[in-house]
């Protein structure tokens, strides 16, 4: 069984603001928004949706295969991921610079981000796949996301659809297509509500029968929830971190834990709880790939936080 991880490979430029964005945004003036924040620190690290997810999967003892692209300046990304055990030979080398995310975070973990796509706009090379494989389609070049969804559906490969910020760019038609073939749709509270609005799901149905797929909705410090196609919901508590330093990589870490649980044959509740446990390590360090653990360490924290031991 292989695990294919598609998404961005990028440099993260993370800026920390000690105040709150909300204190400077006037609701009646958002149409003429012009703000500048004095940041206390700036850090450059390796990130990207595919890189973050694959990094965590590798630390969990799995060997994911990345589908993506970097520029000629991206050698350090491939070297780092390769050392962790990620298969990077399918990654394209583009003449465009490596993608870069500029993320401004305030004291209450709200974020404002800008993203330069660069090499991410390269056309994806479709992998050779088998029905027993798993895949995750994370936010990247929208054309690649739809192309991969078609490829996985045609070959009856199970996949998680994680459109993230690209929910804004993907058309309603493409969102519906990718969702229809997915085993699981995952996103944060805002993203899931935005997608539901964009595809025309009536408000009264959003807490009932939402999609044909299972939905995993992340809720930040409040944990997450699993929503089944029949409307059944399971609440998942957040796992306790030793300290909360930076939430930036928590979402991708959650996804990696979730995938790991599915690959190991866990039920959806256990998979989501494993995701919550992995996310608790990500918030303990600045950056999205600077935390470290192994599966035994993860299992120990999981068993301290949840009753259904693994």
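No lab work stands behind these numbers, since they all come straight from the coordinates. Just so we're clear, the structure is a prediction, and the values are computed from it rather than from any experiment. For neighbour counting, all protein chains shown are included, and Cβ atoms are generated from backbone atoms with ideal geometry for every residue, glycine included.
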Report summary line: For the residue 176, residue 307 Cβ pair and Förster radius 45 Å, calculated FRET efficiency rounded to 0.05 is 0.75
Requested in this report: Return the distance in nm (one decimal) between the two label points of a simple spin-label model at residue 32 and residue 183, each offset 7 Å from Cα along Cα→Cβ.
Outcome: 5.3 nm
Query raised in the report: Based on the Cα gyration tensor of region 163-294, what are the three equivalent ellipsoid semi-axes, each the root of five times an eigenvalue, rounded to whole Å and given largest first?
Result: 26, 16, 13
Report summary line: Percent antiparallel among DSSP beta bridges confined to region 1-152, rounded to 5, stands at 40 percent
**Report entry** region 277-310 versus region 66-100: alpha-carbon centroid distance in Å
**Finding:** 26 Å
Report summary line: A student applying the Cα gyration tensor rule (rounded when a/c is under 1.5; otherwise prolate if a/b is larger than b/c, oblate if not) would label region 84-233 oblate
Report task. Send over the per residue convex hull volume for region 36-111, Cα only, as a whole number of Å³. Result -> 114 Å³
Query - Relative contact order %, region 98-195, counting alpha carbon pairs below 8 Å whose residues are six or more apart - result: 21 percent
Requested in this report: Mind jotting down the three principal axis lengths of region 93-179 based on Cα atoms? Whole angstrom, largest first.
Outcome: 44, 33, 24
Query raised in the report: Along its principal axes, what span do the Cα atoms of the chain show, with the longest given first and each in whole Å?
Result: 50, 48, 43
Report summary line: Taking 0.36 nm per residue of separation between residue 156 and residue 297 and subtracting their Cα-Cα distance, the length gained on full extension comes to 47.4 nm
Report summary line: Once residue 107 and residue 233 are pulled to full extension, the length gained, defined as 0.36 nm per residue separation minus their Cα-Cα distance, is 42.3 nm
**Report entry** Cα-projected label distance for residue 15 with residue 243, points at 7 Å along beta-carbon direction, nm
**Finding:** 2.5 nm
Requested in this report: Work out, step by step, the length gained on full extension between residue 269 and residue 1: first 0.36 nm times the residue separation, then minus their alpha carbon distance; give nm to one decimal.
Outcome: 94.3 nm
